[in-house]
Amino acid sequence: MNNDFLVTRRRAIKLGFGMFAGGVGAVTTSKTIVLNHQIQVLDNPNRKFSISGNFSLKERAAAKGLMYGAAIQYSQLSSDKELANIVKHECRVLVPEWELKWHVGKKPLRPSPYNFDFTRADWMANFAKTHGLLLRGHTLVWHESLPPWFKSTVNRQNAKQFLERHIKTVVKRYAGKIHSWDVVNEAIDTSDHRSDGLRTTPWLKLLGPNYIDLAFRLAAESDPQALLVYNDFGLDYDTPQNEAKRTAVLKLLERLKSQGTPIHALGIQAHLSPNRNFNPKKLRQFLRDVASLELKIMITEMDVKDKKLPLDIVVRDRIIAGLYEDYLAAALDEQAVIAVINWGLSDRYTWLSEFQPRRDQAPVRPLPFDTKMQRKLAWNAIARSFDQAPER
Ligand code: 9MR
């Protein structure tokens, strides 16, 4: 409880917590509402998010040697002109949110054990090429979004063959057209209590811990130019869980580097929550440690959850923007950070609407553009972070 502030009911109501609208971050008693310390600090009405100049995010990022981009789904990009326009205007990098995973949605990449359906992935690659965007591949090896046929088809005898065929086929197809690949995604889970910190995934069970090295080697062989990335979440906060995860990820990266695995960068997802304890020093130190392994760093899936924030949009948006700016100020201080990617671009389309809806059912607001495709304070916060970042 030492992280929490007690505030009066009047202040709480001013913040937009109705009797029933209080998020999980607020605990209601008869006289007081307990607000999380982080939220209290971020909710500063005097904080200014002013920007100068009329530049897009990609231009501001590029001025510092950085790349800005977003993850978008085919169905959204191909049907929504307003979205396509802001993607073209603001982004240097495009990440297909679904289309390069093994199986998501109705037209998956791997409809059967023997087939690939590149229709949607090709469309995304073509969009990127046509509009001068760099393409990022997400993701070759993950324990989620595996096809329904996977469990009954892939076994210890043929797993290596399946992994090899998948990586070679997909990576070769986009070789020379792709900036970077998330080769392995989310392979660490310290709550699985293995001494190497590895998550007990189907790939680990089928191939043992060396599946990670194997995947990187296959990717490097198939596209020697692409930047090969290990991507993970839960690395951002000053909590025992995040600390353990940072340590385990660092150990994995050290292991991979020392055995000569062709890995080039760490992807930090940065799905942020304003109610968690953020300590810029801890993040900076972690980024330094990663950089000292001669790895680049990409912020790969940034958004800010507002599930536990007050209902009032003015308050919510400034808390979200505050966290964007605080986090990016710390991250961009590290010269090894080369890119900032949002997981979505507009609140019109975000995984959080489905995965982390608000209790009061108000639409969530985690991204730099609102549902009307207007820039929000979060946009200003990202722009300011780029403007203030040291050049690299
Ligand atoms: O945003 C993605 C959502 O639409 C998909 O249903 C889900 C499963 O494929 O994946 C989400 O994206 C995840 C990403 O691939 C890896 N990091 C966490 C992201 C949010 O869950």
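Each value in this text was obtained by applying a stated rule to the coordinates, not by laboratory testing. Bear in mind the structure is a predicted one, so any value in this text is a computation, not a measurement. Cβ: placed from backbone, ideal geometry, glycine included. Neighbour counts: every protein chain shown.
Observations, loosely collected:
- Taking label positions 7 Å along the Cα-Cβ direction at both ASN158 and SER292, the computed distance is 4.7 nm, reported to one decimal.
- Counting DSSP beta bridges with both ends in the chain, the antiparallel % (nearest 5): 25 percent
- Extension gain for ASN44 to SER78 (0.36 nm times residue separation, less C-alpha to C-alpha distance): 8.3 nm.
- Within segment 28-185, antiparallel bridges make up roughly 15 percent of the DSSP beta bridges whose residues both belong there.
- Estimated Rh, segment 349-392: Kirkwood, alpha-carbon pairs, angstrom: 12.1 Å
- A cut-off of 5 Å between modelled amide H atoms, ignoring neighbours fewer than 5 places along the same chain, links ILE297 with LEU266, VAL337, ILE338.
- Whether segment 127-285 is rounded, prolate or oblate, judged on the alpha carbon gyration tensor where a/c under 1.5 counts as rounded: oblate
- The long axis of helix 280-291 is offset from the longest Cα principal axis of the chain by roughly 20 degrees.
- Residue-by-residue Karplus 3J(HN,Hα) for segment 38-44, coefficients 6.51, -1.76, 1.60, Hz, glycine and proline x: 4, 5, 4, 5, 6, 7, 10
- Footprinting exposure proxy for HIS138, HIS89 (fewest neighbouring C-beta atoms within 10 Å first): HIS89, HIS138
- Mean ellipticity per residue at 222 nm, deg cm²/dmol - from DSSP H runs of n ≥ 4 across the chain, formula -39500 (n - 2.57): -11500 deg cm²/dmol
- LYS88/ARG392 FRET efficiency (R0 30 Å; Cβ-Cβ; nearest 0.05): 0.75
- Amide proton proximity set for GLU97, modelled H, under 5 Å, gap of 5+: ILE72, GLN73, TYR74
- P(r) for segment 231-298, from all Cα pairs and a bin width of 10 Å, is 21, 56, 21, 3 %, short bins first.
- If R0 is taken as 35 Å, the Cβ-Cβ distance between GLU254 and SER112 corresponds to a FRET efficiency of 0.35.
- Top of LYS177, LYS88, LYS151 by mean-square fluctuation, Gaussian network on the chain, Cα under 10 Å: LYS151
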